[in-house]
Amino acid sequence: MSQHTTQTPRFRAFDERNFEQLSGFSNLNADDRFAIQVVSRVFPFRVNSYIADELIDWSHIPNDPMYQLTVPQPGMLSTEDFDKVADLLRQDAPPETLASTVLAIRTNLNPHPAGQVSLNVPQLSGDRLPGLQHKYRETVLFFPQAGQTCHAYCTFCFRWPQFLTDSEVRFSAPDSEGLVRYLGQHPEVTDLLFTGGDPLIMNARLFERYLNPVLNADPPMLETIRIGTKALSYWPYRFVTDPDADELLRLMERVVAGGRHLAIMAHFNHPREMAPPIVQEAIARIRNTGAQIRTQSPLVRHINDSTEVWRELWRKQVNLGLVPYYMFVERDTGASQYFRVPLARAWDIYRGAITSISGLGRTARGPSMSANPGKVEIQGIAWINGEKVFALRFIQGRNPDWVQRPFFAKYDPEAAWLTELKPAFGEKEFFFEQEMREIAAQAEHQYDEDEEEDQ
Ligand SMILES: *Cc1c(COP(=O)(O)O)cnc(C)c1O
Ligand code: SF4
């Protein structure tokens, strides 16, 4: 690889204990500082020096989207919850009192969205495989244990319980042995997705320890390996100047040389994240390995809820050779009251952006809800026989037969999630609901744990 004039700056992480050392700290007034203390008791908080120095525009806080993306905001808690925690902090309450209040608040914030029934964790000869999820026929998700954290934490992250220091990590595999055996017995699986957290938080050697057994076993039906990551946005040096950057790229080349499609599923929430030259260099280096970069993001209020932002996001991505893949609807968990965008507005933003860019960027699907029955896309708003409706379809379904069938919900300008929608035309329920109940009842017999993923 070529020599770089760029040096890797020192990676420094900040959280509620040391955020006074953030470069933009002087822009925060006493109320801002106290609010960060309060909200970060409930939601894990982590930001790094690159984000603080290169991405956040401190002269525009608190509205700056990168600030909203990474620093806890007072509106993320209800006034009531905020005051509860604030009072305890002001009174210097005993740690146990604070902890139990925080726990009660968290428990009310739907910490495990999209069906806590154990629908996705597969089994092998009767044993549950920790760190694997198999929800849709073709794709298995793999959560390597060493990849269950991130370079920084997005304020909207739906995996927030996984990042709490006092929570056991729910989905993580210590190695890939079970994965390899599972793939051997499931020839319907063509896609493997490494996910987290962020698997690229691992150094190359560690990542290779998870990947090698798969490459060596060479499952004949496995065509695609995806890696879901926010590293391009939060720590692009990962691919350019980190000590193991070249080693990581060699590993990617090996996957491609093995005849597989390697897709980096990059999370970009705002065009600003693609502006620094170091990101563009990282993108070029990844693409040089033969890997494809696809992109995805949820639509989040205060961060990217405008047509202009999405138009620019996708336009810039096409320009850099990235393939726009998904616009997600913000999930019904955590601070979703603060971040949610009604489905009707989400569709407007999607349509406004996608119709104003090159056809090459119209590969993005969405707005899509990763709900318990599957990924449901808003296809449009229509009048049918005098009734205003949402036209919907499954992009992925627990039952593959549900996929691509159009179905309709009553128009509701406020609804922001599948569970808030009612069937149109006086139907009692959606076509999949009976079957979904049966699937759930079956799974009750098995285990009681589940989480979902989007990459
Ligand atoms: C989105 C998703 C996938 C991948 O679906 P594609 O349509 O192949 O992108 C796989 N598993 C789960 C659980 C998902 O949420
Ligand atoms: S990159 Fe993904 S997993 Fe990590 S904090 Fe952000 S949303 Fe959560």
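The values are calculated or read from the model by the stated rules, or taken from the named source; none is laboratory data. Predicted, not measured: the structure shown is a model, and the values here were computed from it. Cβ: placed from backbone, ideal geometry, glycine included. Neighbour counts: every protein chain shown. Remember, those area values only see protein heavy atoms, side chains included, never the ligands or the DNA or RNA. Shrake-Rupley method; radii C 1.70, N 1.55, O 1.52, S 1.80 Å.
Here are the numbers for the structure shown:
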| item | result |
| --- | --- |
| Close pairs from the range 409-421: first over 12 Å from A344 (Cβ atoms), partner assigned to a strand (DSSP E or B) and not small (G, A, S), Cβ under 8 Å, at least 6 apart | W417/V329; W417/M369; L418/M369; L418/V376 |
| Condition check for I439: away from ligand 2 (no atom under 16 Å from the Cβ), more than 27 Å from T107 (Cβ to Cβ) and in contact (Cβ under 8 Å) with a residue 24 or more places away in the chain | no |
| Verdict on T419 being surrounded by fewer than 19 Cβ atoms within 10 Å (Cβ to Cβ) and part of a helix (DSSP H, G or I) | yes |
| Condition check for V309: open to solvent by 20 Å² or more (accessible area, probe 1.4 Å) and either of a type in the set (A, V, I, L, M, F, W, C) or not in a loop (DSSP other than H, G, I, E, B) (or both) | yes |
| Members of the range 280-306 that are surrounded by fewer than 22 Cβ atoms within 10 Å (Cβ to Cβ) and in contact with a Ser or Thr (Cβ under 8 Å, 6 or more places away or on another chain) | E281 |
| Yes/no for L249 being touching a residue at least 60 places away in the same chain (Cβ under 8 Å) and open to solvent by less than 10 Å² (accessible area, probe 1.4 Å) | yes |
| Close pairs from the range 282-297: first farther than 26 Å from A353 by Cβ, partner in a loop (DSSP other than H, G, I, E, B) and modelled with pLDDT of 95 or more, Cβ under 8 Å, at least 6 apart | R285/V240 |
| Residue selected from the range 26-56 under the condition touching a Phe, Trp or Tyr at 6+ places or on another chain (Cβ under 9 Å), free of Cβ contacts under 8 Å to residues at least 40 places away in the same chain and assigned to a loop (DSSP other than H, G, I, E, B), by the criterion surrounded by the most Cβ atoms within 10 Å (Cβ to Cβ) | I56 |
